[in-house]
Ligand SMILES: *Cc1c(COP(=O)(O)O)cnc(C)c1O
């Protein structure tokens, strides 16, 4: 079997044991004689799968009872619109801009109300603003930020203090990478295809007080309350992705939960950044205190060697290391399912490439 080390930013690597379990259950789930793909979402078997997935997620992330977990579609991109449609009652929201995903969220929100910059901006593509520099409008409907900018590789080392203004976070590429104090947030959303499961599923974790007052004209399928009241089954949910996500949650729990996963992720990132810091041959533009654990961006001092570096990596079974088309260079995504051995293999390859070409 030819498994590679897949550093893709998303859809991304999944735990091998999860894939094997899904494979073993593919054509006959639990003696039902059918695949999860073929089941009614309203039947007992799938309802059980769905409820277990949510219960496991609540356990591993320690989600308080006052929060609803919604299993949606449309990706994080749909949330760029769904959040303002449901929460921008005051007509204005605050944003922290730390890069491309922050800006996409702002552009979409501007269709529904006033978008105000509370911190960050064009100068913050390689660092996060200092905690004390965030200027929040107390009348804002919410403060939105991107805890981990997947493209730039910029991550907040702290949770912004938004006072009484609900805090909304696009956690697509960092949710479940370590323990998290959910109670600090009004709403968390994440496309699944980074750390949660396959694409097609979007998680929303929302405080129940924020439900039930969408902007006039909000379509039924974009109203959070409708999902909360119907166990995310107002219409047909992405059943197979939901099932696989449930298996990923169970895998996280079996690995020792988020404390163990977080410690492993910290070690993986530290190893790669140490390799980058130890030479002039490789560089990372991201400020020391803003370095992402999940998406490590770097360049070669000589960009003319990029293509050769990537070709050699590919041949060595180190896949999808090319940076996002908008920033170039390299990006190694180190999500939960990337084993430490994968990071070791990458660091070894980088040292060898430098020895030959440096
Ligand atoms: C991947 C990603 C998105 C886009 O997600 P889709 O599921 O493709 O809509 C948005 N924000 C962040 C931070 C991401 O990492």
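Hey, rough spin-label estimate for residue 340 and residue 326, points 7 angstrom out along Cα→Cβ, what's it come to in nanometres?
Reported label-point gap for residue 340 and residue 326 is 3.5 nm.
Would you please give the FRET efficiency between residue 116 and residue 182, computed as 1/(1 + (r/R0)^6) with r the Cβ-Cβ distance and R0 = 25 Å, to the nearest 0.05?
Result of the calculation: an efficiency of 0.45.
Across the Cα atoms of the range 17-254, what radius of gyration and what greatest pairwise Cα-Cα distance (Dmax) are found, in Å?
18.1, 58
List residues of the range 59-77, by number, whose backbone nitrogen lies under 20 Å from a label position 7 Å along Cα→C-beta of residue 21.
59-63, 71
Mind giving me the nanometre distance, one decimal, between the label points for residue 352 and residue 55, set 7 Å out from Cα along Cα→Cβ?
Each label point lies 7 Å from its Cα, and together they span 4.8 nm.
Using Cβ counts within 10 Å as a stand-in for footprinting exposure, how do 156, 222, 71 rank, fewest first?
Ordered from fewest to most neighbouring Cβ atoms within 10 Å, 156, 222, 71 come out as 222, 156, 71.
With runs of 4+ DSSP H residues as the only contributors, calculate the mean residue ellipticity of the chain at 222 nm using -39,500 (n - 2.57) per run, divided by the residue total and rounded to the nearest 500.
-11000 deg cm²/dmol
Between residue 133 and residue 161, what is 0.36 nm times their sequence separation minus the Cα-Cα distance? Round to one decimal in nm.
Extra length available between residue 133 and residue 161 comes to 9.0 nm.
For the pair residue 73/residue 213, report the inter-label distance in nm, with labels modelled 7 Å from Cα in the Cβ direction.
Distance between the two pseudo-spin positions: 3.1 nm.
Evaluate Rg over Rh across the range 244-292, taking Cα atoms for both radii and Kirkwood's formula for Rh.
Ratio value, two decimals: 1.16.
Could you put 284, 107 in order, starting from the residue whose Cβ has the fewest other Cβ atoms within 10 Å?
Fewest-to-most ranking of 284, 107: 107, 284.
Which value does Rg/Rh take for the range 257-357 over its C-alpha atoms, Rh per Kirkwood?
Across the range 257-357, the Cα-based Rg/Rh ratio is 0.95.
Working out 0.36 nm times the residue gap between residue 235 and residue 311, then minus their Cα-Cα distance, what length gain in nm do you get to one decimal?
Length gained between residue 235 and residue 311: 22.9 nm.
For the range 64-141 and the range 328-358, what is the separation of their C-alpha centers, rounded to whole Å?
Computed from Cα coordinates, the inter-centre distance equals 33 Å.
Please rank 268, 104, fewest neighbouring Cβ atoms within 10 Å first, as an exposure proxy.
104, 268
Every number here is computed from the coordinates shown, using simple stated rules; none is lab data. Everything numeric in this text was worked out from a predicted model, so none of it was measured. Heads up, the Cβs are rebuilt from the backbone with ideal geometry, glycines too, and the neighbour counts pull from every protein chain shown.
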